[in-house]
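Below is one structure, written out as structure tokens, with a few remarks after it.
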Amino acid sequence: MRRLLILGAFQLLAILGWASYHEYVWAAAPTFRVPLRPRDPFDLIRGRYFVLNPQDTSIDAESTSFSPQEVDRFLGSAKAFAGRVQVGFCAAGEIHRACALARPGERPAGPARYWSKGFATLTKQDRGWKLDLDLGLRRFFIPSRLQLPGRENEEGWELEVSYRPGLSLLPRRLYFRGTPIDLR
Amino acid sequence: MRHSGGRGDLPVRASHEFGSRQQGKQDLEAGGLKSTAAFEGQSLVGTALALDEDQDRRLIQERVARRVDELDSLDPQGVGQRRRHVVCHKKGNAAVGSQLMDDGPKRSRAQAALHLGDVAESTPAEPETDRGVRAMVTAPRFRPQNLELQAERLHRLDRVGKKALLGVLSFVHQKSLSTRRGQMSIVDSRASGFRCDAFRNRPKAARRVRQVRHTEPVMSRDLSLLERHFRHWREEGLLSAELESSLRESSGQLVNRATSTVVRTALGGLGGGLLLAGLILVVAENWEALHRSLKLGGWALLQLAFLLCAHQLGRARPGRPALAEAMSFVSGGWMLAGIALVSQIYQLDSRPPNGIWLWLALVLPAAWLLERRAVAAVVFIALVWGFALETGQIDSIFRADRGDGPWIWIGIPLLAAGLASFLPTSARFLREWTGLWTFVAGNVFLLVLGASQDLDRSDLGRGWWLAGAGVLLGIAIPDQCLSRAWDSLTSRLVVASTFLPWILLGSRYDAGLILDELAVGLAWIVQLVIAILAIRAGARRGSESWVNLGYLALLAGILTRYFDFFGDYLEGGIALALTGTLLLFILYTLEKARRRTVRGAVPA
């Protein structure tokens, strides 16, 4: 019986402790919003969810948030980079956009206020550059019966994320044109 | 078989065989008819033979016994070989069943009393006797009061023919034996209401006899199987009547208990399933409305309940570990549900293998703390799942770009089985799963490669670590990874030879390269070799399943080769006819060989 109690305590504490940590993050971590271009798929296993597709997962030279100087600074003499990075977010009105990159272990500097973990593929091309970012923001589960305020391909979808310094962003709440969506 | 008493609705069935002619005669003289004398006044046979309470039964018995002596000199076959009757009892109910059962293919000699009519019809020279015999047996209303008339009828049975008399005698003899042994009471007057007095009310008795004729015997599959074995053992002389009686009684009780257990289990399962389904539906309907603390609390309570159930069932029913094992397995799976629940509530999205590794980490301590084989199964599943996901993950250290060959497909299960075998309570059935998977997957890969040169590309990259470790474990410790029906040498040969064509092939098949053509030819040979290895190992260890599986693989190999070679010519009728002939020939030959192998298999 003692073994059983040890096992039960271990398993329950692990799961409930994990949940408690995220409760703490929700309660204490600063948040900001990033713009999305979501899709709204459904499958039998996962149910209904948004494929979040943040706007900053694919940035090119025409982007206004990411300056060519920042790209040159990050790449240096190299023509391409692929690997883990720190992604900096700068305020752009009520939302935040990716605006800077830093290598792992590098002390972040620049205008960015929040720095999170991500995976970047940056290549210089003939007419500029192309940056693909994986911010770890892939899906957002929504209840099947929830009536959304707009179609998923409309402009104005945002995701509120919890910020943990040096770690990846955690999705928290959906916004549509500045209004939070109550999932319940 | 003795009436089980109590419930009174148990179908009772008995089978007897006359011994030698001398024995049969002795039985009749010594005891059989004595017992019958105490019984016949209440019996159907007594009625059939037109006996009533006023008759001098002893006189008839002596006459019958004398007839046995006479028949001994007439009938080279002796008295009937086997006889089986089925009687259904119903306490407090007049429904009494009696029916002749099939004696099997060797039924040849004495016929039962109910068949006497057929014999009579075949002897038109004695119409009066025919009618008499048929009436005696089949019509309960016939009830002569005159003893001399009864004796005269018995004498006249000689004219009917020895078959008819043998049938009557064997029936009487069997009834007497059964009554004496307490195995079968054709009519139990107190239990069934079949008393001699009852026959004074003829229409009522007639109704009852009709019921007897139309009552179907009810016999479970187990008892039917047992009956076949009893028959065989009797023919072999291995089974005495007393032993058979004891065994029947014991097995009857067992089957009866088993039936009720099945019903209880089915009802319990149905009730539990409905309850669970209802709860799931309620939760699903209100899932969004439930607060996350309620969801997590419900998960935790259920996990505790599963663990406690596993513990308590293991203690309360040590003889039935399957229940505790099932609960342990459910609790292991429920951990994964907990991880999924937290991920859903907090919108977490990570590398898919990470969730599996977390699951493994949370379940692994149970292997030491619960000491259940089900935990090993959960660990095995987690390992296979996690490794497989890792090979498809871009950022994984085990990333495999292309794994068409058998390396990943067979290597990962072997690796998982090998690792799981080091747990304190390992599950031997994992070896059987892995052995079966290795054999089936190996055959499929070899057949496809041999026939179409597909499944040839492999660019495992860092996935080689997993595949290589699995293959090495399979070869190094086959007694911990592969089927128990395979000896170590067979296991090593199967694993090594399965991969041999791909070792020659390299990363892909190139038509025209001698080495690659050799690999394809080798795939054909290896597929047959591992089939034969499985048959050999199965025959040696007494595993009929592996023998069958090996022959199935052999058949698949032969058919694949045939269609590979002659598939283009199948449009013509002759080709189809030849194919059909070949199939029949193969099936006959292989089935004959399979039966011979199974017969010669040495039980493990």
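Quick check on this structure: which one of B:Arg320, B:Arg292 is farther than 18 Å from B:Thr425 by Cβ and either within 9 Å of chain A (Cβ to nearest Cβ) or charged (D, E, K, R) (or both)? Spell out the reasoning first.
Values: B:Arg320 fails: farther than 18 Å from B:Thr425 by Cβ.
Exactly one residue qualifies, and that residue is B:Arg292.
So that you can scan it fast, the table gives a plain yes or no per residue for (1) touching a residue at least 60 places away in the same chain (Cβ under 8 Å); (2) β-branched (Val, Ile, Thr); (3) assigned by TED's automatic domain parsing to the domain that holds B:Phe429; (4) farther than 20 Å from B:Ile408 by Cβ:
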site: B:Gly461; (1), (2), (3), (4): yes, no, yes, no
site: B:Ala467; (1), (2), (3), (4): yes, no, yes, no
site: B:Val471; (1), (2), (3), (4): yes, yes, yes, no
site: B:Pro478; (1), (2), (3), (4): no, no, yes, no
site: B:Ser483; (1), (2), (3), (4): yes, no, yes, yes
site: B:Ser488; (1), (2), (3), (4): no, no, yes, yes
site: B:Thr498; (1), (2), (3), (4): yes, yes, yes, no
site: B:Trp502; (1), (2), (3), (4): yes, no, yes, no
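Restricting attention to the range A:166-182, the residues that are more than 17 Å from the chain's Cα centre (by Cα) and among the small types (Gly, Ala, Ser) total 1.
Filter the range B:395-418 for residues that are outside any loop (DSSP other than H, G, I, E, B) and among the small types (Gly, Ala, Ser) and give the result. Of everything in the range B:395-418, those that are outside any loop (DSSP other than H, G, I, E, B) and among the small types (Gly, Ala, Ser) turn out to be B:Gly403, B:Gly411, B:Ala416, B:Ala417, B:Gly418. Modelled with pLDDT of 85 or more and more than 30 Å from B:Arg372 (Cβ to Cβ) - does that describe any residue in the range A:45-52? Yes; the residues of the range A:45-52 include at least one that is modelled with pLDDT of 85 or more and more than 30 Å from B:Arg372 (Cβ to Cβ).
Could we say that B:Ala305 is of a type outside the set (S, T, N, Q), in the same structural domain as B:Ile356 (by TED's automatic domain parsing) and within 31 Å of the chain's Cα centre (by Cα) here? Break it down into steps so the answer makes sense when it comes.
Working: of a type outside the set (S, T, N, Q): yes; in the same structural domain as B:Ile356 (by TED's automatic domain parsing): yes; within 31 Å of the chain's Cα centre (by Cα): no.
Here the answer is no, as B:Ala305 does not meet what is asked.
Assessment of the range A:42-52 against the conditions (within 14 Å of chain B (Cβ to nearest Cβ), free of Cβ contacts under 8 Å to residues at least 24 places away in the same chain and closer than 19 Å to A:Gly88 by Cα) yields no matching residue.
The residues of the range B:365-406 that are under 14 Å from B:Leu336 (Cα atoms) and more than 36 Å from the chain's Cα centre (by Cα) amount to a single one, B:Gly386.
Listed here are the residues, each with its yes/no results for (1) acidic (Asp, Glu); (2) surrounded by fewer than 20 Cβ atoms within 10 Å (Cβ to Cβ).
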| site | (1), (2) |
| --- | --- |
| B:Leu307 | no, no |
| B:Gly333 | no, yes |
| B:Ala340 | no, yes |
| B:Glu371 | yes, yes |
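Might you let me know whether the range B:361-371 holds any residue that is part of a loop (DSSP other than H, G, I, E, B), within 11 Å of chain A (Cβ to nearest Cβ) and closer than 22 Å to B:Gln312 by Cα? Walk me through how you get there before you give the answer.
Filtering the range B:361-371 for residues part of a loop (DSSP other than H, G, I, E, B) gives B:370-371.
The next check asks that each one be within 11 Å of chain A (Cβ to nearest Cβ); those that pass are B:370-371.
Retained after the next criterion (residues that are closer than 22 Å to B:Gln312 by Cα): B:370-371.
Checked against the condition, which is being part of a loop (DSSP other than H, G, I, E, B), within 11 Å of chain A (Cβ to nearest Cβ) and closer than 22 Å to B:Gln312 by Cα, the range B:361-371 yields at least one hit.
For the range B:485-493, state whether one or more residues are in a helix (DSSP H, G or I) and closer than 26 Å to B:Ser452 by Cβ. Taking every residue of the range B:485-493 in turn, at least one turns out to be in a helix (DSSP H, G or I) and closer than 26 Å to B:Ser452 by Cβ. Within the range A:4-23, the residues that satisfy the criterion of being farther than 16 Å from B:Gly297 by Cβ and surrounded by fewer than 18 Cβ atoms within 10 Å (Cβ to Cβ) are A:Leu5, A:Ile6, A:Phe10, A:Tyr21. Note on the range B:343-360: among residues that are within 22 Å of A:Leu5 (Cα to Cα) and within 11 Å of chain A (Cβ to nearest Cβ), the one that is surrounded by the most Cβ atoms within 10 Å (Cβ to Cβ) is B:Trp359. Residue-level check: of (1) more than 30 Å from A:Leu52 (Cβ to Cβ); (2) away from every other protein chain (no Cβ under 13 Å); (3) surrounded by fewer than 18 Cβ atoms within 10 Å (Cβ to Cβ); (4) of a type outside the set (D, E, K, R), B:Gly392 misses just (1). Within the range A:173-184, work out how many residues are within 14 Å of chain B (Cβ to nearest Cβ) and not in a strand (DSSP E or B). Within the range A:173-184, residues that are within 14 Å of chain B (Cβ to nearest Cβ) and not in a strand (DSSP E or B) number 4.
Take B:Phe445 and tell me if it is within 30 Å of B:Pro321 (Cα to Cα), in a helix (DSSP H, G or I) and aromatic (Phe, Trp, Tyr). When the stated conditions are applied, B:Phe445 does not pass them.
Can you pull out every residue in the range A:152-172 that is touching a residue at least 24 places away in the same chain (Cβ under 8 Å) and either closer than 15 Å to B:Gln344 by Cα or away from chain B (no Cβ under 14 Å) (or both)?
A:Glu152, A:Asn153, A:Trp157, A:Glu158, A:Tyr163, A:Pro165, A:Gly166, A:Leu170, A:Pro171, A:Arg172 - these are the residues of the range A:152-172 that are touching a residue at least 24 places away in the same chain (Cβ under 8 Å) and either closer than 15 Å to B:Gln344 by Cα or away from chain B (no Cβ under 14 Å) (or both).
In the condition set (1) modelled with pLDDT of 90 or more; (2) surrounded by fewer than 20 Cβ atoms within 10 Å (Cβ to Cβ), B:Gly435 is compliant with all but (2).
Residues B:Leu281, B:Leu275, B:Leu239, B:Leu270: which one is closer than 30 Å to B:Trp334 by Cα, modelled with pLDDT of 75 or more and outside the structural domain of B:Gly332 (by TED's automatic domain parsing)?
Details: B:Leu281 fails: modelled with pLDDT of 75 or more; B:Leu275 fails: modelled with pLDDT of 75 or more; B:Leu239 fails: closer than 30 Å to B:Trp334 by Cα.
B:Leu270 is the lone residue from the list that is closer than 30 Å to B:Trp334 by Cα, modelled with pLDDT of 75 or more and outside the structural domain of B:Gly332 (by TED's automatic domain parsing).
Just the residues that are farther than 22 Å from A:Phe32 by Cα, within 14 Å of chain B (Cβ to nearest Cβ) and in contact with an Asp or Glu (Cβ under 6 Å, 6 or more places away or on another chain), please, taken from the range A:101-151. Selection gives A:Thr121, A:Pro143.
This table checks each residue for (1) closer than 23 Å to A:Lys130 by Cα; (2) out of contact with any His (no Cβ under 8 Å at 6 or more places or on another chain); (3) within 13 Å of another protein chain (Cβ to nearest Cβ).
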| residue | (1), (2), (3) |
| --- | --- |
| A:Ala9 | no, yes, yes |
| A:Tyr21 | no, yes, yes |
| A:Val25 | no, yes, yes |
| A:Pro54 | yes, yes, yes |
| A:Val71 | yes, yes, no |
| A:Ala78 | yes, yes, no |
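The values are calculated or read from the model by the stated rules, or taken from the named source; none is laboratory data. If you're wondering where the values come from, they're calculated on a predicted model, not measured in any experiment. Methodologically, a virtual Cβ is constructed for each residue, glycine included, from the backbone with ideal geometry; neighbour enumeration extends over all protein chains shown.
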